[in-house]
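Reviewing the structure listed below.
The values are calculated or read from the model by the stated rules, or taken from the named source; none is laboratory data. These numbers come from a predicted model, not from an experiment. A quick note on method: Cβ atoms are made from the backbone with ideal geometry, for glycine too, and the neighbour counts reach across all protein chains shown.
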Amino acid sequence: MLQSLYRGLTTIAGPAVRLYLDRRRAAGKEDSARQAERFGAPSRPRPAGWLVWIHAASVGEANSVLVLVTKLLEREPGLTVLMTTGTVTSAELMARRLPERAIHQYVPVDLPGAVNRFLDHWRPDVVLWTESEIWPNLLAAIRARGIPAALVNARMSERSFARWRYASGLIGPLLSTFQITLAQTEGDGERLRKLGAREVASVGNLKFSAEPPPAPADQIAALKAARSGRPLWLLASSHPGEDEIAASVHEFLAPRLPGLLTVVVPRHAHRGAAIAELMRGRGLSVSRRSEGALPGTCDAVHVADTMGELGLFYRTAPVVCMGGSFVPHGGQNPVEPAQLGCAVLYGPHMWNFDEITHQLEAAGGALPVADGAALAEAVGRLLADTEARARIVAGAARVTEDNRRIVDRALDVLSPVLGAAGIRSAA
């Protein structure tokens, strides 16, 4: 009944959704050149042969399944992967990082007409849905068409579980769309099972198998030359409210660490100007990556307000603090800097990465801190103590190496769904 009610409401919601997307486009959050894709109208022809549709909500989810895309294409030469995401930033990232025989499209809005146009054109042989995106019309249409489907790298937090329990009549049938569910953790798996998911298995988090973000060698060399041996720490993927913490850390440490350079990479690049203004208001000299600048010898802070360059800054930062962890956001992915030999720190709000942080901390591969004052002390100690820094890096390396094969375990479990369409999942 809930599904029928939802479908009825969304059938008449077209004008309101168009207005909503128009407002997002005016704010720079939608791609005006590809707006038709959001209503199921394709901008590319469907290639011949097998097509696996992988949906990932945004940048983090898309990055985590790139390794799965690559493995599938390597194992089945006649295969094309269709990757859908819902944000402009993720589309820009996929344009740079998707391999050959992989296509990006924006996911259609969850209106019945848009869903049907999308599926009529692309006719996927298999659907792999990632993490916790639940769109009732899309999932109901996949189920009605009998397309083999799996939910991969699935999350279900205690908070989301508590909410969904009140809509069990809706979530149960939707989760039954997936013949297999791969949960990130045993806890996620148990909660998904209670809500109606089938054939639940926990193989670990695909983020561990993902390749670290790339960076051109010449740009790495240029940044290292500009740094010129100065002590450097990085606040990665900062959110509003955390840039002030970075400024305070710099002010606390600068008298103790001559030449200190603080690098701030905002989660959303458009905040670069505001961050630079904030730093100048604190009396700190600033340069901005979006203006083509490298850190100058007199710069206290460098704002790296560009897209897709975290790999460059991770490769030059011995100490990295993850943003989204000092405000109630849930944190950003600590695996990438851990893979690249950084000593990783983060604040108290890392619930989106509970299992990852548990493994890192158990191995001594990351350092949680309670607040900005504790962050300043930890950054100063790690920049000054190379042995302490090396111990954290070594612990993180053990964790990342132990988990590298998660993608292969995932493909093994997915073999029945892929095999239903005649696609190989084994090497």
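The set of residues from the stretch 92-128 being part of a helix (DSSP H, G or I), surrounded by fewer than 18 Cβ atoms within 10 Å (Cβ to Cβ) and not basic (Lys, Arg) comprises 92, 95, 113, 116, 120, 121.
Of the residues that sit in the stretch 360-376 and are of a type in the set (Gly, Ala, Ser) and part of a loop (DSSP other than H, G, I, E, B), which one is surrounded by the fewest Cβ atoms within 10 Å (Cβ to Cβ)? Outline the logic, then answer.
Of all residues in the stretch 360-376, those of a type in the set (Gly, Ala, Ser) come to 362-366, 370, 372-374, 376.
The next check asks that each one be part of a loop (DSSP other than H, G, I, E, B); those that pass are 363-366, 370.
Details: 363: 17, 364: 15, 365: 23, 366: 28, 370: 11.
Residue satisfying both the conditions and the ranking: 370.
Restricting the stretch 247-263 to residues that are in a loop (DSSP other than H, G, I, E, B) and among the aliphatic types (A, V, I, L, M) leaves a set whose member that is surrounded by the most Cβ atoms within 10 Å (Cβ to Cβ) is 260. Are any of the residues in the stretch 404-419 under 15 Å from residue 336 (Cα atoms), of a type in the set (D, E, K, R) and surrounded by fewer than 19 Cβ atoms within 10 Å (Cβ to Cβ)? Yes - at least one qualifying residue is present in the stretch 404-419. Evaluate the following for residue 250: is it at pLDDT below 95 and over 11 Å from residue 303 (Cα atoms)? Here the answer is no, as residue 250 does not meet what is asked. Taken as a whole, the condition of being farther than 18 Å from residue 68 by Cα and modelled with pLDDT under 95 does not apply to residue 209.
Is there a residue in the stretch 272-283 that is crowded, with 18+ Cβ neighbours inside 10 Å, charged (D, E, K, R) and modelled with pLDDT of 95 or more?
no
Pairs linking a residue in the stretch 249-264 that is touching a residue at least 24 places away in the same chain (Cβ under 8 Å) to a residue that is of a type in the set (D, E, K, R), with Cβ atoms under 8 Å and 6 or more positions apart or on different chains, are 251/282; 259/230; 260/230; 261/227; 261/230; 261/299; 264/243.
Can you tell me how many residues in the stretch 42-78 are surrounded by 15 or more Cβ atoms within 10 Å (Cβ to Cβ) and closer than 19 Å to residue 413 by Cα? Count: 16. Among the residues of the stretch 89-119, those that are polar (S, T, N, Q) and under 18 Å from residue 267 (Cβ atoms) comprise 89, 90. Of the listed requirements (1) crowded, with 17+ Cβ neighbours inside 10 Å; (2) over 26 Å from the mean Cα position of the chain (by Cα); (3) not in a helix (DSSP H, G or I), residue 302 misses just one: (2). The residues on offer are 158, 133, 186, and the sole one that is of a type in the set (Asp, Glu), out of contact with any helix residue (DSSP H, G or I) (no Cβ under 7 Å at 6 or more places or on another chain), buried (at least 16 other Cβ atoms within 10 Å of the Cβ) and at pLDDT below 95 is 133. Only a single criterion out of (1) of a type in the set (A, V, I, L, M, F, W, C); (2) without any contact (Cβ under 8 Å) to a residue 24 or more places away in the chain; (3) under 21 Å from residue 391 (Cα atoms) is not satisfied by residue 320, namely (2).
Conditions tested, residue by residue: (1) hydrophobic (A, V, I, L, M, F, W, C); (2) part of a loop (DSSP other than H, G, I, E, B); (3) under 15 Å from residue 89 (Cβ atoms).
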{"site": "17", "(1), (2), (3)": "yes, no, no"}
{"site": "34", "(1), (2), (3)": "no, no, yes"}
{"site": "48", "(1), (2), (3)": "yes, yes, no"}
{"site": "54", "(1), (2), (3)": "yes, no, no"}
{"site": "62", "(1), (2), (3)": "yes, no, yes"}
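Got a sec? Which helices (runs of 4 or more DSSP H) wholly within the stretch 134-194 have at least 3 residues that are without any contact (Cβ under 8 Å) to a residue 60 or more places away in the chain and within 19 Å of the chain's Cα centre (by Cα)? Full working, then the answer.
Working: elements: 136-144, 158-164, 168-175.
No helices (runs of 4 or more DSSP H) qualify here.
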